[in-house]
Amino acid sequence: MDFTTFYIVIVLSALILAGVRAFLEKSSRLKRFFQFTGVVEVAFVSVLLLALIFFGCLQIVLRNFFHTGILWADPLMRHIVLWLGCMGGVLATARLRHINIDILTRILPERMRPIRDRIVYLATAIAASILGLAAAKLVADEKDFGTTAFLGIGVWVLQLILPVAFFLITYRSFVNLILLPEEKHTEWDDPNPVDNLVTNDHAAPDTSLEPE
């Protein structure tokens, strides 16, 4: 089995797992489990972000006040940025906040929206699977080169997040394709947050501070 065939098997596995996930979504207990895994992902991204801020501030302090620094901190931070970008893409796909061209939303009528959504999810899955194949080849080549990032850790080990992230994006795009979830806007990502402060258009104005 060559490399491309192996990755095709991986993509088909993502499709099968998405179907199983869609079937298990009906169970309330498993739904809570999936919600828990989402919390774990957010916590992991938060830890990465805190680590990036910590080492960045530490390097600034060491260089400006002690004229020294941690040799492996800079490559570590570069790879943390890579991991943050990949995990951010995975989370954005799960929350339907990934980048997409919404021209179909403006052209198609409302009744055609499910078709538009399925086209977007399918296109995302195809694009992510192709990029995942390219990323997997990159990691394989990097492994052959044997380049070391820091502390004896190979660069290819840290780059494994690339094919993993694209696989997860493919999987979640398939899940969205099957379940066709509704896009819900919360108060903190509403494009007009000021409107959320208005609770009653007909409420009487507060005149407590007006002079009598």
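Only the coordinates and a few stated rules stand behind these numbers; no lab work does. On a predicted model such as this, the values are computed, not experimentally measured, just so you know. Here the Cβ positions follow ideal geometry from the backbone for every residue, glycine too, while neighbour counts run over all protein chains shown.
Side notes on the structure shown:
- Taking the Cα centre of the range 1-88 as origin and assigning +1 to Lys and Arg Cβ atoms and -1 to Asp and Glu Cβ atoms, the resulting dipole is close to 360 debye.
- Rg and Dmax of the range 132-178, Cα atoms only, in Å: 13.2, 44
- As a ratio to 2.2 N^0.38 Å, the alpha-carbon radius of gyration for the range 3-182 is 1.24.
- When you count the other C-beta atoms within 10 angstrom of each residue and take the mean per peptide, 63-73, 116-126, 165-175, 2-12 line up highest first as 165-175, 116-126, 2-12, 63-73.
- The string of couplings for the range 145-155 from the Karplus curve (6.51, -1.76, 1.60, θ = phi - 60°) is 5, x, 6, 9, 7, 6, 6, x, 8, x, 4 Hz, one whole number per residue in order, with x for Gly and Pro.
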